[in-house]
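J.: Please see the structure below; I have some questions.
Each value in this text was obtained by applying a stated rule to the coordinates, not by laboratory testing. Because the structure is a prediction, the values reported are computed rather than measured. Cβ atoms come from the backbone with ideal geometry, glycine included; neighbour counts cover every protein chain shown.
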Protein chains: 2
Amino acid sequence: MNPTPSKRLNTVPASPIRVLVPLANAAKARGTRVYHLNIGDPDIQTPKEMLSVLTNWKQNPIGYGQSQGDKSLLEAFAAYYKKLGYGFIGTENIQVTVGGSEAIAMALFAVCDPGDDILVFEPFYANYASYAAVYGINCIPVTTSIANGFHLPSRKEIERHITKKTKAILLCTPNNPTGTVYTQDELEMLGDIASAHNIFLISDEVYREFVYEGGKPASILSLMERMPRQCILVDSLSKRYSACGIRIGCLVTLHDELLSGVLRIAQGRLSAGLVDQAIAAVMGDVPVSYTEDVRREYQKRRDVLYAGLRTIPGVTATLPEGAFYIIAKLPVSDSGDFCRFLLTDFSDKKETVMLAPASGFYKTPGAGKQEVRIAYVLDSTKLIRAVELLKKALVEYNKSH
Amino acid sequence: MNPTPSKRLNTVPASPIRVLVPLANAAKARGTRVYHLNIGDPDIQTPKEMLSVLTNWKQNPIGYGQSQGDKSLLEAFAAYYKKLGYGFIGTENIQVTVGGSEAIAMALFAVCDPGDDILVFEPFYANYASYAAVYGINCIPVTTSIANGFHLPSRKEIERHITKKTKAILLCTPNNPTGTVYTQDELEMLGDIASAHNIFLISDEVYREFVYEGGKPASILSLMERMPRQCILVDSLSKRYSACGIRIGCLVTLHDELLSGVLRIAQGRLSAGLVDQAIAAVMGDVPVSYTEDVRREYQKRRDVLYAGLRTIPGVTATLPEGAFYIIAKLPVSDSGDFCRFLLTDFSDKKETVMLAPASGFYKTPGAGKQEVRIAYVLDSTKLIRAVELLKKALVEYNKSH
């Protein structure tokens, strides 16, 4: 007899984004080139101002950082929010985190006891479900539809899911995996719901800079002063500066009791990386032109990808308003099976493409089974080729299935 | 009315190591120099081989690493264990973690459901209690005593604490906060207990290199082949390479089902930092002489500190066998109050010393109230001065209390 792992370990889902990685590795081992559109890990350069922190590194030893976050980084975050028009956020309202991931984890833990519910708009970023499983929280999906570009359903439809166990609404805007950018009216509606039902509102805005249809996206920060004890912002540098491997994000709230609890969790893990914090602390030195150039590049890719997808018979998609993802509905009955086919049975001139089956972004059983998430994180030439591969693969797949 | 944070948030304890930091900052603001012996954040240089990874950095963008750990780092860890004589550990048995902290968190989560117990030897590293609180696990303390150098009590005494809820014994050797190095016999006894009661054995060995009384310390790795489904090793580079701010550690086990569950948790947080992983991956390039020099330096400091402490009337301590901590019993009734006094009311030539009250390392109420943990992480000259400050402060404190 041997001891068994905890029951809850089995409840943690495998990442739908990464679960096909072994098949991709096997394809590569066979000499097949794989276009990675399965994960939001962009090829865009990290700003040279950030790289310079590494090449000019002097500090030795590389000791612990502060648990809340190093002073210069906290100040850089506060200055960033000030520039966005939210000067009310001080360094005392910020907890530096190990990526946006840790900010999500901390926010969920801070608002939910085991067995509590959070409302999420489906399809949703799969790792919300991972952390919910770790902390024994139920993700209650409120389904959105490709038919209206994944915008929010009515207040009544959302409120239908709220019970005594509901502790928060968790949203993501600009949205991963849909690319939808919620309007100010949609955010106000969520604020009204949160007020009426006395629950928290957690907003994951790590794609804030990537909005293509004009202007600044609506942010939970616009509600925060009015609802200081209900709003929690989750943020990250990963996408903004194309620096996913620099594990730095933050959690922002005016709820000081909640934040001091979060700091106690942060003390338990000592600190975020000292080098990563130092890299992130120079964010204010990155010129505005960097962000503008990156946005322009993603917009171009979005347009190329969208135009390409429209040429494939049977594929449905709506033009994403932000982030760098698109949900496409394919003419297949099981996109998971098709994504595996792409890696195991298909290649064209020794090339194939890797996509994320969308069912992993849905909680409702069977939902999204025809859909895939495509991350447009490669340049336009590669995207054109990837669309061509997808087109050919669909023909081949549908012949044999 | 406002929503309240989760009940469990309130159960997460403040770090006893970091809780006095605001008082230290206030002392510094008054112009007082503070000798930091409160935290294991050494002044020893990080190896130049590791710093070179930064200054020679070329990779751009800084994208995600692998969730399990980057290949070169996994191989470096496996090569390290092979050099220690444990060649049976392959890269497939290793999960790279964000510091030893995350390895502890993952191990606890993987073996305990909410309400389960783990046995810990008291005094113990305070962050075990933080993660236990986060995951709803009870730390059951088995008390060890300064009188026998904090070595383990009898098998009978340990087994007295085991119930149906007990899922693991968590040990730390060389020990933080006591400096005790368990013997092979002690580890074998724990292995026998784990076998007899069908529970896991989790060993935190991040101080492995710092053993002063001869040879290689006993390791759970010596039991792992015999008990492949019960042994879990927690490790970290932080102390070994004086690189606490490089948040890289690992969890090692031959229990593949447990490890695949741990990998799913790891996927939820995407990856450890790419830069930190690259730094850690060159561990094999660091010459043996680095480790030997560092050990010699700590041994010198230990001897200086221990000799100094023995000159202070009323102070009791046993010579630490490893790590870089000592637990000292002071002639005060409340070491927490004394540690605050050091920062708020005492200074000698505008200097004072910061220590960690040991009560934070005990679970049993009232235990360790006269004790402090001293980390000998500063050079001998500074340690001599720190001992002098401690001596003067005790005289002054005991006059006024």
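J.: About the Cα centre of chain B, what is the dipole size in debye to 20, counting +1 per Lys and Arg Cβ and -1 per Asp and Glu Cβ, all else neutral?
T.: Dipole about the Cα centre, nearest 20: 1020 debye.
J.: Further question on the same structure: Which of the peptides B:108-121, A:98-111 is most tightly packed, and how do the rest follow, going by the mean number of other Cβ atoms within 10 Å of each residue?
T.: A:98-111, B:108-121
J.: Continuing with this model, one more query. Rounded to the nearest 500 deg cm²/dmol, what is the calculated helix-only ellipticity per residue at 222 nm for chain A, with -39500 (n - 2.57) per DSSP H run of length n ≥ 4?
T.: -11500 deg cm²/dmol
J.: Can you give me the angle between helix A:71-83 and the longest principal axis of chain A, using Cα atoms only, in degrees from 0 to 90, rounded to the nearest 10?
T.: Around 70 degrees separate the two axes.
J.: Strictly over 22 Å apart at the Cα level, which of A:K165/B:K167; B:K350/B:K392; B:K300/B:K382; A:K83/B:K28 would you flag in this model?
T.: In this structure, A:K165/B:K167; A:K83/B:K28 exceed 22 Å between Cα atoms.
J.: Follow-up question, since we're still on this one. Just how large is the dipole of segment A:231-332 about the Cα centre, in debye to the nearest 20, putting +1 at every Lys and Arg Cβ and -1 at every Asp and Glu Cβ?
T.: Its charge dipole is roughly 460 debye.
J.: Pop out the ³J(HN,Hα) list for segment B:60-66 in order, Karplus 6.51 cos²θ - 1.76 cosθ + 1.60 with θ = phi - 60°, rounded to Hz; leave Gly and Pro as x.
T.: Here the 3J(HN,Hα) series is 8, x, 8, x, 4, x, 6 Hz.
J.: Also: How high is the relative contact order of chain B, in percent, with contacts defined as C-alpha pairs under 8 Å that are six or more residues apart?
T.: 25
J.: If one computes the Cα centroid of segment B:17-66 and of segment B:360-401, what distance in Å separates the two points?
T.: 23
J.: Find out how many positive minus negative residues lie around B:G40, taking Lys and Arg as positive, Asp and Glu as negative, among other residues whose Cβ is under 10 Å from that of B:G40.
T.: Summing Lys/Arg as +1 and Asp/Glu as -1 gives +1.
J.: Please list the non-local residues whose amide H lies under 5 Å from the amide H of B:Y35, H modeled 1.01 Å from N, same-chain partners needing a gap of 5 or more.
T.: B:T352, B:V353, B:M354
J.: Could you please state, rounded to a whole Å, how far the C-alpha centre of segment B:250-326 is from the C-alpha centre of segment A:218-259?
T.: One Cα centre to the other: 33 Å.
J.: Could you work out the relative contact order of segment A:61-285, using alpha carbon pairs under 8 angstrom and six or more residues apart, expressed as a whole percent?
T.: 30
J.: Where does helix A:184-197 land angle-wise versus the long Cα axis of chain A, in degrees 0 to 90, nearest 10?
T.: With rounding to tens, the tilt is 60 degrees.
J.: Give a residue-ordered list of calculated ³J(HN,Hα) values for segment B:299-310 (Karplus: 6.51 cos²θ - 1.76 cosθ + 1.60, θ = phi - 60°; whole Hz; x for Gly, Pro).
T.: Karplus values, whole Hz, x for Gly and Pro: 4, 4, 5, 4, 5, 5, 5, 4, 4, x, 4, 5.
J.: Hey, what do the phi angles of segment A:373-387 turn into as Karplus ³J(HN,Hα) couplings, whole Hz, using 6.51/-1.76/1.60 and θ = phi - 60°, x for Gly and Pro?
T.: So the Karplus estimates, Gly and Pro as x, are 9, 10, 9, 8, 9, 10, 6, 4, 4, 5, 5, 4, 5, 5, 5 Hz.
J.: If you place +1 on the Cβ of every Lys and Arg and -1 on the Cβ of every Asp and Glu, how big does the dipole about the Cα centre of the protein assembly as shown come out, in debye to the nearest 20?
T.: Dipole size: approximately 180 debye.
J.: Under 16 Å Cα to Cα from A:K164, which aspartates and glutamates show up? Leave out anything in the same chain fewer than 8 places away.
T.: Filter leaves A:D113, A:D116, A:D117.
J.: Longest segment of chain A with no trypsin sites (Lys or Arg not before Pro) in a DSSP loop having at most 13 other Cβ atoms within 10 Å?
T.: The longest uninterrupted stretch comes out as A:227-348.
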